[in-house]
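A.B. asks: Below is one structure. I have some questions about it.
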Amino acid sequence: MVNFSISPAPLPGKLQRVRRGAPCPICNHTDWCSTAENGDFAICMRLSDGSLRLARNGGFIHLLAPATPRPRVFTPPEQVAPSVAPIARRHTVYTALLEALSLSGRHSDDLLRRGLHDTFIAHNLFASVPGEGWAKIICSGLASRFDLSGVPGFFRDADRWRLNVGGWCAGFFVPVRDLAGR
């Protein structure tokens, strides 16, 4: 039997139930199973052998025909993405960012519980992710001192630089450094 994921992605296309005139192509039964309208796959509720993965409804997804290649449409970007800033500038900006932030007591306790020591946490500048308001203030200060263009995590919004912290506000930064400590 194939190893199945817990939460599979949805399948494209509409399903139709099997019936007397069109039985399941896998188990040949006329009930409980379904096939894709385009004939690309079937969901058999009985047989798992040869299936691709588990469906959300508990059935087993079987490919029936090679996937029809879909034409790829190239859409040129409206503007060229900026190149990544040199490592020295990224290191300087990220260090200044982490120094401007603090580590909450809850995050500190979590790191200590994971076996890290206070000196290691302080030396490596672990820091809690700021909320949107603090991120704007800190980013404004960084932008007045450094060129943020090409530094991943920073983006331009109209005439101001912003730090991309959307959705991260509950966590903390874990700096990952290269062999030179940057």
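The values are calculated or read from the model by the stated rules, or taken from the named source; none is laboratory data. Remember, it's a predicted structure, so these values are computed and weren't measured experimentally. Every residue, glycine as well, gets a Cβ built from its backbone with ideal geometry; the counts of neighbours run over all protein chains shown. Side chains are part of the model used for accessible areas, which takes the heavy atoms of the whole protein and leaves out ligands, DNA and RNA. Shrake-Rupley method; radii C 1.70, N 1.55, O 1.52, S 1.80 Å.
A.B. asks: Which pairs turn up if I take residues in the range 35-62 that are within 17 Å of PRO23 (Cβ to Cβ) and open to solvent by 70 Å² or more (accessible area, probe 1.4 Å) and look for partners that are at pLDDT 85 or above and assigned to a loop (DSSP other than H, G, I, E, B) with beta carbon separation below 6 Å, at least 6 apart in sequence or on another chain?
C.D. replies: Sorted first by the residue in the range 35-62, then by its partner, the pairs are ARG46/CYS27; LEU47/ILE26; LEU47/CYS27.
A.B. asks: A further question on this structure: Tally time: how many residues in the range 107-120 are surrounded by fewer than 17 Cβ atoms within 10 Å (Cβ to Cβ) and in a helix (DSSP H, G or I)? Steps first, answer last, please.
C.D. replies: Initially, the range 107-120 is screened for residues surrounded by fewer than 17 Cβ atoms within 10 Å (Cβ to Cβ), giving 109-110, 112-120.
Next, from what is left, pick out any that are in a helix (DSSP H, G or I): 109-110, 112-113, 118-120.
Final tally of qualifying residues: 7.
Results for (1) touching a Cys at 6+ places or on another chain (Cβ under 6 Å); (2) in contact (Cβ under 8 Å) with a residue 40 or more places away in the chain; (3) open to solvent by 40 Å² or more (accessible area, probe 1.4 Å), shown as yes or no for each residue.
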position: SER140; (1), (2), (3): no, no, yes
position: SER144; (1), (2), (3): no, no, yes
position: LEU148; (1), (2), (3): no, yes, no
position: ASP157; (1), (2), (3): no, no, yes
position: LEU163; (1), (2), (3): yes, yes, no
position: ARG177; (1), (2), (3): no, yes, yes
position: ARG182; (1), (2), (3): no, yes, yes
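A.B. asks: Within the range 134-162, can you find the residues that are at pLDDT below 85 and under 19 Å from ARG90 (Cβ atoms)?
C.D. replies: Correct list: ALA135 only.
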